Amino acid sequence: MTTEQIYQLVNAVNKQAFGDQALAVSDLQGLISLGNTVLSSSVNTEAFLNTLAQRIGQTIVRYRAYRNKLQDMVLTDFEYGAILQKLYVYMPEAEADPMYALTDGQSIDHYEVKKPVVDQKLFVTRTPYMFMVTIQRQTLKEAFLSEAGMGALISAIYGQVRNKIEATLENLGRLTIAAGVAEASASQEVKLVTEYVAASGQTVTAATALTNEGFLRYAIRRIKEVMDDFTDMSVLHNDGSLETFTPYEDQRIRIISKLERALETTVEWAAFNEQYVKLTGYTKLNFWQSEQSPYSIDVKRPSDGTEVTIDNLVAVVHDRDALGIYQEYEEILTTPLNAKGNYFNQYWHRKDARLLDTSENLVYFTLN
């Protein structure tokens, strides 16, 4: 894009922004840099002699720390002992592939040991997995002009491993919620649309429910009713094997973000006494299992391997002890320097356990 074209685009965009001109197509080619992956001797040269290579003046290390949205599912951790009563774990995928490719003849296997998974009764299943990264400092130095620059990249590399651990815990937490719903009986489902249509006589469907103010008020009412019911000793909201109750402080609410926003902008906005229609202490999730199908889960339930698919899922209320994550073990170990390849490996060894106790209270809400 030439200088003349740029000023014309600036004027046109300003007129559209100020309301002087209707929306029009803006050609952004040559205006916004999408980034060249590799420097080119014919392209990345200065404009005067067209000979001297342009230099990298600043490096932005692309890294942001990620936080697990389901952190409240982490119940506790322990170092000693082997068995947790009320522990039911689902096996996470172990990833042991190297993050950097090495040349032929060099080893990436540094005393690798892969133990078999040990399943035990009494809700015990331990799931060891690890992450690894290879660092070769000497060759990395060639890409930087200072120790600080290289240090920022290495910090980002380690930070991304931590982000992967956080994301893994969150996604396994999502699967734990999905498993709890899959194991629940039909009586533990609240079919919000069916109930509302029967109670009000209005025609509401799953597609129109989140834009119907009457339905949204009914939905918040039913969620709060179930939370009230949890506080009484009962077998109605679990698998029926034990009489149990859940105080409000031990209840966990997971709600799909689209329902929460609909409640926020329709019901809470119009309410005179907001506290009566407002949920508190909930975790808002954009999806349950897949971003492409945010309202659905599709899992093989752990009790018998039966595939369970549930659509239109919008909220789950459960006892703190019904679903949980125990972090048993994390150790970060670094190998000695490989003299031949001049690199070292760092391993993040982890062992987690996930709890699913169907004798604790759990109810899920759908737009069915």
For this session: Provide the net charge surrounding residue 160, with neighbours chosen by a C-beta distance below 12 Å and charges set as Lys +1, Arg +1, Asp -1, Glu -1.
Result: +3
Seminar exercise, completed: Rounded to one decimal in nm, the spacing of the 7 Å Cα→Cβ label points at residue 207 and residue 257 is 2.4 nm
Problem set entry | Zone residues, region 342-368, relative to residue 243, backbone N less than 16 Å from point 7 Å out along Cα-to-Cβ | 360-361
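The numbers here are math on the coordinates, done by the rules we state, and not lab data. None of these values were measured; they are calculated from a predicted model. Neighbour counts are summed over all protein chains in view; Cβ atoms, including those assigned to glycine, are modelled from backbone coordinates with ideal geometry.
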